[in-house]
Amino acid sequence: MMDTELTVPYVLELNKVSRQYGTSPAVHALVDVDLQVAPGEWLAITGPSGAGKSTLLHILGCLDHPTSGTYLFEGVDTAGLSDQERAGLRSRRIGFVFQAFHLLPHRTVLENVMLAEVYRRQSQRGRRERALAALERVGLSHRVDFLPTKLSGGEKQRVAIARALVGSPNLLLCDEPTGNLDSKATADLLDLFARLNEQGLTLVIVTHDENVANRAGRRVHIIDGRLTILSERVKSDKERPGVPVGVVSRSGITLRDLFNEIIAGMFARPGRMILTILGIVIGLTALVATVGLSRTANNRIISQFDELVATEITVTARPSAGGVDPKTIPWDAPERLMRLNGVAAAGTVSDVNVGDLLVSSSPIRDPQGQTAFNLAVKAASPGLFRAIRAELASGRFPDDGHSTRAERVAVLGPTAAERLGIVDLTHLPAIAIGDHLYLVVGILSGVGRQPDLLGSVIIPEGTARRDFGLAGPNTVVVETQLGAATLIAQQTPLALRPDKPAILRVELPPEPRRVRDAVQNDLNVMFLLLGGLSLIVGAIGIGNITLVSVMERTGEIGLRRAIGANRGHIAAQFLLESASMGVIGGVLGASLGLMIVVAVSAYQVWTPVLDPAAPFLAPIVGGTIGLLSGAYPALRAARLEPVEAFRN
């Protein structure tokens, strides 16, 4: 950018620099300040509180911008520098020592000093050695592994000086460096400054202490923003060394340093990190668990539907112009269908026309109560009970012998048995259909298909042919193996009526499938809403905690800006800290969610349905939520000006 062979006489040169805050009314912190600082000088800036000393120091350190005037640093006009270039200038050419020390309490003395080189985009090789050398220079080599909380005020200030010196800056700016020290520590610190100045370091110190001001080679005084030169030590032009015109490089940070700073920032406050991660863990655990449980429950429901619906076929006669031919379906239809590969069970069921005959369980008619009922009478082949998945409360099912011999036996549905007053078969109860007496051999407790049988009297097919003239089966109920229903439905007409397959109507009931889909969709929506709500609550928690963290770390943000971090570095660190905690929370949340699904499934004796993508998607979702939740706090931290951060 500039020719490094050129030299200028001053490290700092201010021409008519002013700094104004606000407009109504305007506060003039600096007014037309002219100041030159030659290389190797020790300048003391004095003045009462509120006079503008710190404002001037912040402008000299490129922590603030002048409202008007020109500020040249080693011949470079700072007004034309970008935020990255100003940060680069601070990281390589300027060292800061603050009254409040601004040491990170969670890092050792050595780590605090090494922090000065983080934003120079350079290898870590030799960094530890340079930091140790700087600590040796200030006499703290025996405290390298101590935390700042274990140091005295003077020792803390020496650590801050070592941090400022580790990068070999051309200029050291000190803001009230002895303000928090006792007299002995102050004297030791002034002796250190004197040695540094003798070694050629340019010093600019803001102070209230006359002893400090008197040790300086030159002194200026500032009141109400106006600078007055009280003393100066000027050498001849030939003796004054020139300073090369600076080449300004942008600040930067390596990925390794960024990763280290993120880890250090997260673990600096383990309690807050755990709370932040816990928000994501709760949200993603709820999401993964609810999605897993919804899929498991859906699978359970679907399996029930599949067992009853996806395996069911019904065959009836197709109506013609003359009505329905009762002899359309052959009597041996179940036997024919059982020969097909994929048929698990088959049976026929028919409505028996008993006319006006009533069904009763007592031969005595009670005028005070009803003893005869108009109940539906069904004729069934022996295979029907397996095809409809009938279950018995007591007794047995009729077999082929009952039908072949046309025996007068009956099975009652539970509703029919209750109306007839038959509760068990201990006393061999019988019912009468008209004048015919039928022995009750079984009582149903439930059926998987054909629910109308629950209120009916079921007699053998052969008996219905003899007693009531049943001409032929009305309906064939077929249970197939899973996945075979469509193929069996195509083969059934040819198996039953190869001469006229078109006169048969084969149905795969569509209604239960729609019910299943509706139930599945409702469950999915409900569980996803619950999981999503938990995730939103977790995200809000992360955002709040991150925002509080930014507010508590304003001093750290100001320090990082002073040692070379630009807005992008601050935003990246806070964003990636939040994202990293989101990823950790995602891993833990996915693990806990899967464990909950497995545990609940084991307790309910269900087959757990686990999404194989969940362990991989959960960290991504957690990281994304961490990024989104930390976006506003990170941007707020990045927009925080160094001066404002130090003021807070």
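Brief remarks on what is shown
- Under Karplus coefficients 6.51, -1.76 and 1.60, residue-wise ³J(HN,Hα) of region 399-412 in Hz, glycine/proline x: 10, 4, x, 4, 6, 5, 8, 6, 6, 8, 10, 8, 10, 9
- Exposure of Trp331 as accessible area (Å², to 10), given a probe of 1.4 Å and all protein chains: 70
- For Glu641, solvent-accessible area (1.4 Å; no DNA, RNA or ligand), Å²: 60
- Radius 12 Å from Cβ of Leu357, net charge of other residues (Lys, Arg +1; Asp, Glu -1): -3
- ³J(HN,Hα) computed for each position of region 434-449 - Karplus, 6.51 cos²θ - 1.76 cosθ + 1.60, integer Hz, glycine/proline x: x, 9, 9, 9, 10, 7, 7, 9, x, 10, 6, 9, x, 9, x, 9
- 0 to 90° range, to nearest 10: angle between helix 485-496 axis and the chain longest Cα axis: 20
- Gyration tensor over the Cα atoms of the chain: the corresponding equivalent ellipsoid has semi-axes (square roots of 5 times the eigenvalues, largest first) of 98, 23, 20 Å.
- Per-atom-type breakdown for region 167-224 gives carbon and sulfur 42% of the accessible area (1.4 Å probe, protein chains only).
- Annotation note: GluC sites (Glu not before Pro) in region 1-69 located in DSSP loop regions with a Cβ neighbour count of at most 12 within 10 Å are Glu5.
- Inter-label distance, nm, simple model (7 Å from Cα along the C-beta direction), Ile229/Asp325: 12.6
- Per the Debye calculation on region 589-648 with a single equal scatterer at every Cα and no solvent contribution, log₁₀ I(q)/I(0) for q = 0.20, 0.21, 0.28 Å⁻¹ amounts to -0.81, -0.84, -1.06.
- Expressed to the nearest 5 percent, the antiparallel share of DSSP beta bridges inside the chain is 65 percent.
- Computed with a 1.4 Å probe over protein heavy atoms only, the accessible surface of the chain comes to 46 Å² per residue.
- Area of Ile443 that stays accessible when all protein chains are in place (1.4 Å probe, Å², to 10): 10
- Phi to ³J(HN,Hα) by Karplus 6.51 cos²θ - 1.76 cosθ + 1.60 over region 33-43, Hz, x for Gly, Pro: 7, 10, 7, 10, 10, 7, x, x, 7, 10, 10
- Working note: 222 nm ellipticity from helices only, DSSP H runs with n ≥ 4, each -39,500 (n - 2.57), summed and divided by the residues of the chain, gives -14000 deg cm²/dmol to the nearest 500.
- Computed from the Kirkwood radius of its Cα pairs, the Stokes-Einstein diffusion coefficient for region 417-490 at 25 °C and 0.890 mPa s stands at 161 µm²/s.
- On Cα atoms only, tilt of 511-552 relative to the major axis of the chain in degrees: 20
- Accessible area per residue (1.4 Å probe, heavy atoms of protein chains only) ranks Met273, Met551 as Met551, Met273, with the largest value leading.
The values are calculated or read from the model by the stated rules, or taken from the named source; none is laboratory data. Note that this is a predicted model, so its numbers are computed, not measured. All Cβ positions, glycine included, derive from the backbone under ideal geometry; neighbour counts span all protein chains shown. Remember, those area values only see protein heavy atoms, side chains included, never the ligands or the DNA or RNA. Shrake-Rupley method; radii C 1.70, N 1.55, O 1.52, S 1.80 Å.
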